[in-house]
Amino acid sequence: MQLPRTVSQAIFTVGALILLVLPLLSPSPYYVNLGIDVLFIFLFALSFNLLFGYTGLLSFGQAAFFGLGAYMVPLLLRGEAFMPAIESFLLVIVIAVIAAALLGAVIGFLSIRRGGIYFAMLTLAFSMMIYEGAFRWRSLTSGDDGIITPTPTIELGVASLSLGDHIIYYYFTLLIVAVATFLVWRVTKSPFGEILVLIRENEERTEFIGVNVTLYKWASFTLSAALAGLAGAIAAAHLLVISPGTLHWTRSAEPVLITLIGGPTYFFGPLVGTIVFVALEQSLTAVTDHWEVFAGLVLIVIVLFTPNGVLGLWHERVEPRVTDAVERILEDS
């Protein structure tokens with residue numbers, strides 16, 4: 001469940017360095033904001049991959065947790081969520097993550113005992129219920145008009161950093177995503193993560209050896225919801241206006257598409273899928289308003305010919321040839 005070594009490891013290192021110095025390479029707000037898009041969309045897709053790629057659960061309800069995390073930010077910063085305004089953005093993020101985790105625990109408890117398509121449809125139904133609630137509860141959410149997110153600040157002792165600066169916001173997002181990614185990676189490498197893979201591979205045999213499969217699936221679902229809520233919370237100030245569209249089922253389709261493109265059996269499959277997805281969106285929207293059609297065609301090709309995604313294609317076919325070529329060059333020199 002990780003990137004192969006040698007050439008892939010070198011490519012991953014270069015990619016990480018590019019993310020680290022992106023604002024220095026191109027301080028233009030367009031490219032920095034595009035980098036922020038990649039970061040929080042990756043985190044959102046990573047939350048789905050924890051369910052689908054590791055636990056084998058297909059959820060169409062991730063938007064409910066992403067949207068809740070996003071909504072909590074303006075509501076708490078403005079003091080409209082049953083409590084006074086909270087100035088600390090970090091505290092707001094923590095509360096948003098806890099709220100998403102609690103919602104995930106409730107929905108997971110009600111859905112997790114159903115498998116396959118029934119589980120997927122239940123998560124979709126709950127997500128659409130929450131979307132409809134946000135759309136109708138105008139006194140709190142302003143309905144389809146949306147809520148404007150105030151510009152948050154980070155207090156550092158006597159100094160404060162405004163996240164209205166796109167470069168500061170980029171590095172703040174990068175830090176949050178890097179820490180969250182490392183923690184999720186550690187979870188997948190723990191005994192808990194190994195059991196999730198066992199459940200994905202053969203749920204009946206895993207239960208036969210004495211594992212409480214329902215409890216592990218519920219825990220995975222709750223953790224995934226918390227991660228999606230975190231993605232929504234850090235995206236809130238970037239999106240500026242939070243509307244019910246953030247909770248719509250089409251938002252839930254994004255991490256599904258991204259994970260399938262990148263490769264659901266690889267930890268960094270969502271990252272590769274996000275880069276491909278955003279690149280397709282940016283390049284095709286300049287040509288046509290119906291870019292989703294072409295994105296769908298790409299997905300069809302990947303599912304038919306590379307079911308393990310771009311990383312699967314790289315790992316199984318491309319990387320061995322590249323590695324052999326590099327080795328021959330080194331031997332000849």
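The values are calculated or read from the model by the stated rules, or taken from the named source; none is laboratory data. All of these numbers come straight from a predicted model, not from anything done at the bench. These accessible areas exclude ligands, DNA and RNA; they are computed on the full protein's heavy atoms, side chains included. Shrake-Rupley method; radii C 1.70, N 1.55, O 1.52, S 1.80 Å.
Quick check on the chain: helices-only [θ] at 222 nm, where DSSP H runs of length 4 and up contribute -39,500 (n - 2.57) each and the sum goes over total residues. Nearest 500, please.
Helix-only estimate at 222 nm: -23500 deg cm²/dmol.
Report, in order of residue number, the helices in the chain meeting two criteria: a C-alpha extent of 30 Å or more along the helix axis, and a mean Kyte-Doolittle hydropathy of at least -0.5; treat each whole DSSP H run as one helix.
For the chain, where a helix must reach 30 Å along its axis and average at least -0.5, the hits are 89-111, 116-136, 166-189, 213-239.
By accessible area of protein heavy atoms, probe 1.4 Å, what ranking do 209, 18, 302 get, highest first?
Result, largest first: 209, 18, 302.
Any chance you could look up the accessible area of residue 145 with a 1.4 Å probe, heavy atoms only, rounded to 10 Å²?
Solvent-accessible area, nearest 10 Å²: 100 Å².
Sort 294, 277 from largest to smallest accessible area, using a 1.4 Å probe on the heavy atoms of the protein chains.
294, 277
In what order, largest first, do 151, 306, 285 sit by accessible area if the probe radius is 1.4 Å?
Result, largest first: 151, 285, 306.
The range 44-76 to the range 152-213: how many Å between their Cα centroids?
12
Principal axis lengths of the range 218-302 from Cα atoms, whole Å, largest first?
Extents along the principal axes: 39, 34, 19 Å.
Can you tell me the convex hull volume per residue for the range 145-233, based on C-alpha atoms, in Å³ to the nearest whole number?
150
Gaussian network model of the chain, Cα springs within a sub-10 Å range: biggest mean-square fluctuation belongs to which of 45, 101, 253?
Largest GNM mean-square fluctuation: 253.
Taking only protein heavy atoms into account and a 1.4 Å probe, give the accessible area per residue of the range 112-161 in Å².
Per-residue value: 64 Å².
Express the accessible area of the range 175-280 per residue in Å², computed with a 1.4 Å probe while the remaining protein chains stay in the model.
41
What is the percent carbon and sulfur in the accessible area of the chain, measuring with a 1.4 Å probe over the protein chains and ignoring ligands?
Of all accessible area on the chain, carbon and sulfur atoms account for 68 percent.
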